[in-house]
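Engineer: The following block contains the structure, expressed as structure tokens.
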Amino acid sequence: LPEDGGYKFVHTPCLLLDENGFYENVGSDRGMNETGFSWTRSWVVPDEEESPEKMSATAWFQKLGSTVSTVDEAIEFVKNNPKGTGCQGNYIFADAGGNLAVVEVGFQTVTVAGKWSKDDQGLAARANRWESETMKPLDISSTENPVYYNTSDYRYNRAMELLQENAGEINEEVLKKILSDRNPQADPSMPHLNEINNHGTTDGTVSAEIYDIADRTFWYTYG
């Protein structure tokens, strides 16, 4: 429960190891609040200056989780709240009204790459790169986040392939299979592999989450 009130939420903090060997909390990768509003994010590095009015990423996500209840509100939130390191990335937002959006968020530029209501047929996946023509020129992940960027093309396209194969039949069990998908052609010597369920030599899947928004249920597992 946020100290200053608002919606209760659960989320997975994003912890990065600093040069002194300590873990720094730089925001949140996934979460759901009591209204059913949910978010997931993959790290993308923008070629933009951080906002001089930025708040800490931890406080930024606490505000997101405790004040936002719909996809439309989330889009306005990322546009209007100053952003620094830890707030940027590839977002998928969803709410209990059946709305879904893919939003690519830089420090200064925000692009809604896709948006669907409960009456639409919508599928979305994201990895560590931007897909919209507006945001691609601002994406410097290939040099600033190469380990994850180098496998993002495979992971994004494989996820979309599996979603499309199961369109109209996606439930908890289908999502578990997608999240556990392995690539028999992946090179096991790579630091981060070309696969969704990723166990590279140094980097890989930290956790996996499934959202049952209608029932306000957040499924979580390590690795």
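Engineer: With every protein chain kept in the model, how would you rank ILE178, ILE170 by accessible area, 1.4 Å probe, largest at the top? Display every interim value, and only then the final one.
Structural biologist: Details: ILE178 20, ILE170 65 Å².
Highest to lowest solvent-accessible surface, that is ILE170, ILE178.
Engineer: Would you look at the GNM of the chain, springs on alpha carbons closer than 10 Å, and say which of PRO82, PRO188, PRO13 moves the most?
Structural biologist: In the Gaussian network model the winner is PRO188.
Engineer: List, in order, the whole-Hz ³J(HN,Hα) value for each residue of the range 165-179 obtained from phi through the Karplus relation with A = 6.51, B = -1.76, C = 1.60 and θ = phi - 60°; use x for Gly and Pro.
Structural biologist: 5, 10, 3, x, 10, 7, 9, 4, 5, 5, 5, 4, 5, 5, 5
Engineer: Using the heavy atoms of the protein chains alone and a 1.4 angstrom probe, what is the accessible area of the range 17-113 per residue in square angstrom?
Structural biologist: On a per-residue basis, 40 Å².
Engineer: Tell me which aspartates and glutamates have Cα within less than 15 Å of LYS177's Cα, excluding those fewer than 8 residues away on the same chain?
Structural biologist: Within the straight-line limit of under 15 Å, LYS177 reaches these aspartates and glutamates: GLU161, GLU165, GLU169, GLU195, GLU209.
Engineer: On the protein heavy atoms, probe 1.4 angstrom, tell me the percent of accessible surface of the chain carried by carbon and sulfur.
Structural biologist: Carbon and sulfur together cover 48 percent of it.
Engineer: Please list, ordered by chain and number, the residues whose modelled amide H lies under 5 Å from the amide H of VAL44; skip anything fewer than 5 residues away on the same chain.
Structural biologist: GLY89, ASN90
Engineer: How large is the helix-only mean residue ellipticity at 222 nm for the chain, computed as the sum of -39500 (n - 2.57) over DSSP H runs with n ≥ 4, divided by its residue count, in deg cm²/dmol to the nearest 500? Spell out each step's value before the answer.
Structural biologist: On the way: 6 runs with 51 residues, N = 223.
Only helices count here, giving -6500 deg cm²/dmol.
Engineer: Accessible area per residue, 1.4 Å probe, Å², for the range 117-207: what's the number? Display every interim value, and only then the final one.
Structural biologist: Values: 5320 Å² over 91 residues.
The answer is 58 Å² per residue.
Engineer: Below 8 Å, C-alpha to C-alpha, sequence gap of six or more: please give me the relative contact order for the chain in percent.
Structural biologist: Rounded, it is 16 percent for the chain.
Engineer: Explain nothing, just the number: relative contact order of the range 1-94, from Cα pairs under 8 Å at least 6 residues apart, as a whole percent.
Structural biologist: Dividing the mean separation by the residue count of the range 1-94 yields 32 percent.
Engineer: Among LYS115/LYS136; LYS79/LYS118; LYS83/LYS115; LYS54/LYS118, which pairs are too far apart, with a Cα-Cα distance over 30 Å?
Structural biologist: Among LYS115/LYS136; LYS79/LYS118; LYS83/LYS115; LYS54/LYS118, the Cα-Cα distance tops 30 Å for LYS54/LYS118.
Engineer: Expressed as a whole number of Å, what is the distance separating the alpha-carbon centroids of the range 82-108 and the range 1-56?
Structural biologist: Result: 11 Å between the Cα centres.
Engineer: May I pose another question? Would you tally the net charge around MET32, using a Cβ to Cβ cut-off of less than 14 Å, leaving MET32 out, and scoring K and R as +1, D and E as -1?
Structural biologist: Once all neighbours under 14 Å are counted, the net charge is -2.
Engineer: Pairs of alpha-carbon atoms within less than 8 angstrom and 6+ residues apart define the contacts here; what relative contact order does the range 71-186 have, in percent?
Structural biologist: Worked out over the range 71-186, it gives 17 percent.
Engineer: If we count every other residue with Cβ under 9 angstrom of TYR149's Cβ, Lys/Arg +1 and Asp/Glu -1, where does the sum land?
Structural biologist: Working: positive: ARG129; negative: ASP139, GLU144, ASP153.
Surrounding charge for TYR149 is -2.
The values are calculated or read from the model by the stated rules, or taken from the named source; none is laboratory data. It should be emphasised that the depicted structure is a prediction, and the values quoted were computed from it without experimental measurement. Reconstructed Cβ throughout: ideal geometry from the backbone, glycine too, with neighbour counts over all protein chains shown. All accessible areas refer to the heavy atoms of the entire protein, side chains included, with ligands and DNA or RNA removed. Shrake-Rupley method; radii C 1.70, N 1.55, O 1.52, S 1.80 Å.
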